[in-house]
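Remarks on the structure that follows.
Computed from the coordinates by the stated procedures, all read-outs in this text should not be read as laboratory data. Computed from a predicted structure; not experimentally measured. When we count neighbours, we look across all protein chains shown, and the Cβ atoms used for this are built from the backbone with ideal geometry, even at glycine.
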């Protein structure tokens, strides 16, 4: 029987995707938090610049690029205390055959990711 990924499993998958891309782009990880509702997920350093990254696993029909502006403003204010930039990483995840269907354990998945969005 096919079993859907839990919210925590989807979150972990999204974090793994973003984490690998950050690593490839030369970021140094100073902090990683994979628990749901614990933000930011990544505190990273690149070229002596500190950044806070919020990762969200997004399912259809939600917009992968949309985020809660009020929440992100809170994170941005916190980041300012550390002279850090704030980024949002929305990771759209769906079933491999149909993005509109949920991700199933041990099956292919569809990925929508448009990179880091800086919160200014």
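Within the listed set 104, 75, 58, the residue fluctuating most in the Gaussian network model of the chain (springs between alpha-carbon atoms under 10 angstrom) is 104. Computed extension gain for residue 37 through residue 82, at 0.36 nm per residue and net of the alpha carbon distance, reaches 14.1 nm. Under the criterion of Cα pairs below 8 Å and six or more residues apart, the relative contact order for the chain equals 24 percent. The residues 78, 11, 95, when put in order of fewest to most other Cβ atoms within 10 Å, stand as 78, 95, 11. With a Förster radius of 25 Å applied to the C-beta separation of residue 68 and residue 101, the computed FRET efficiency comes to 0.50.
Taking a ≥ b ≥ c as the square roots of the Cα gyration tensor eigenvalues, with a/c under 1.5 meaning rounded and otherwise prolate when a/b beats b/c, else oblate, which class fits the range 1-66? Here the range 1-66 falls in the prolate category. Out of 90, 19, 100, any idea which swings most in a Gaussian network model of the chain, alpha carbons joined below 10 Å? Sorting by GNM fluctuation, first place goes to 100.
Centre-to-centre separation between the Cα atoms of the range 52-106 and those of the range 1-47: 10 Å. Calculated mean residue ellipticity at 222 nm for the chain: -8000 deg cm²/dmol, from DSSP H runs with n ≥ 4 weighted as -39500 (n - 2.57), summed, divided by the residue count and rounded to 500.
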